[in-house]
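Notes follow once the structure below has been shown.
The numbers here are math on the coordinates, done by the rules we state, and not lab data. Model, not experiment: these values are computed from the prediction. Quick reminder, even Gly has a Cβ in these numbers, built from the backbone with ideal geometry, and neighbours come from all protein chains shown.
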Amino acid sequence: MYSGNLIIASMSSENKKWIPRRIIPASSKNFNLEGPKTRIHELKFAFEIFIQFIKGFRTLHFAGPCITVFGSARFKGDHPYYLKAMEVGKGIAALGLTTMTGGGPGIMEAANRGAFEVGGKSIGCNIKLPFEQQPNPYTQTSITIDYFFIRKVLMVKYSYGFVIMPGGFGTMDEFFETLTLAQTKVINDFPIVVMGKEYYEPFHNWMDHMIQEGTISEEDKKFMLFTDSVDEAIEHISKYVRKHYTVQPRKRLWWLFEKV
């Protein structure tokens, strides 16, 4: 019988009977993603997701227009990419926009720090992980999310533009999801700045290969600006945001317990 966990049967040498044996260990969060569960468990899981979204919406509703910076958690404070991300955060703050990151160390800390140290608004949307991800101290507002997909929705929903710094699998996941949303016009006229020409050169070449194979179009490259210049990046963001969006302050409703 299948109960949502992978079952494998083994034969006992004594009585020749097949004995089911569970081979995927359950953990508190991974268990939810291991296939079908009981209906009451699925209902509880759906409710948990709903609560996480409400928590995110209430926390970020008054964050102001954000620019999200994606990048690796592994760069230390003396790394050139860390220092560049700090300058990006300062530039975003100079535009009067809010710097949003994944709230962890490395590039995320650097962008938050750059905005924080010049008096700009700085927000971290953190994720619970067994390693790497501890909230950095350079945010005025921080929220911790249990699931990556909820975190990505929040980071896109409140952003008017994106800066992609060098990073690993997590950064690539965020980068490609943002590209897919732009390509499918789920988000429109949102600037996507890719910082680090040398780092992303293989990806740039791979895009040319995909165009040749017909899996993407030449037009898809226009979603991105590849640059090493912080000034060029900030100017690109400013041009798009000022052209397409008018920022209006949101009114706080006392009966929803929204603090003034």
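Listed here are the residues, each with its yes/no results for (1) touching a strand residue (DSSP E or B) at 6+ places or on another chain (Cβ under 8 Å); (2) within 27 Å of TYR82 (Cα to Cα).
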| residue | (1), (2) |
| --- | --- |
| VAL186 | no, no |
| PRO191 | yes, yes |
| TRP206 | no, yes |
| MET210 | no, no |
| GLY214 | no, no |
| GLU218 | no, no |
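Just wondering, is there one or more residues in the range 210-220 that are under 22 Å from the mean Cα position of the chain (by Cα) and surrounded by 15 or more Cβ atoms within 10 Å (Cβ to Cβ)? The answer is yes, given that some residue of the range 210-220 is under 22 Å from the mean Cα position of the chain (by Cα) and surrounded by 15 or more Cβ atoms within 10 Å (Cβ to Cβ). Against the test of being in contact with a helix residue (DSSP H, G or I) (Cβ under 9 Å, 6 or more places away or on another chain), buried (at least 24 other Cβ atoms within 10 Å of the Cβ) and over 26 Å from PHE53 (Cα atoms), the options GLY161, GLY91, GLY102, GLY124 yield a single qualifying residue, GLY91. Taken over the range 72-100, the criterion of being among the basic types (Lys, Arg) and within 17 Å of the chain's Cα centre (by Cα) is satisfied by ARG74 alone.
When GLY91, GLY103 are checked against the criterion of being in contact (Cβ under 8 Å) with a residue 40 or more places away in the chain and in a loop (DSSP other than H, G, I, E, B), a single residue qualifies: GLY103.
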